[in-house]
Amino acid sequence: LRLLPRQRYLRAERAESSALERKRNVLCCLITRLLKAEKQLHIDSLVFKVISACKKGELGPGLQFLSFCCHSVDVLSCVLHLLNQGYLRRQEERPHVLEY
């Protein structure tokens with residue numbers, strides 16, 4: 001048996017992680033754009049709008065060429081990331097409503 005040189009594996013891993021990072025960045029931008037326009041949204045409605053925009057290819061200016069599969073888990077992961085970063089917040093009396 002012969003193994004491929006390690007560098008080839010590293011390049012593949014970098015390309016894969018770069019694609020995932022781009023996907024997360026696009027989703028985060030889309031989430032913030034939707035919340036800026038709406039001011040506040042129920043989390044279920046936000047997830048539905050993001051998935052719908054991904055399916056239609058309405059990702060925003062300059063991003064129409066991107067097409068990728070988007071699931072609710074991806075969107076919720078990005079929402080949690082934005083909450084941890086302080087870009088989004090939840091209402092105290094209604095934690096299922098998100099605000100920008």
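Bear in mind that the values in this text are calculations on the coordinates, not laboratory data. Everything numeric here is computed off the predicted structure, so don't read it as measured data.
Here the 3J(HN,Hα) profile of region 39-53, calculated from phi with Karplus coefficients 6.51, -1.76 and 1.60 at θ = phi - 60°, is 6, 8, 9, 5, 4, 5, 5, 4, 4, 4, 5, 5, 5, 4, 5 Hz, Gly and Pro shown as x.
Summarising the amide proton neighbourhood of H42: residues at separation of 5 or more, or on other chains, whose placed amide H is nearer than 5 Å comprise L98. Extension gain for the segment R22 to Q85, taken as residue separation times 0.36 nm less the Cα-Cα distance, is 20.9 nm to one decimal.
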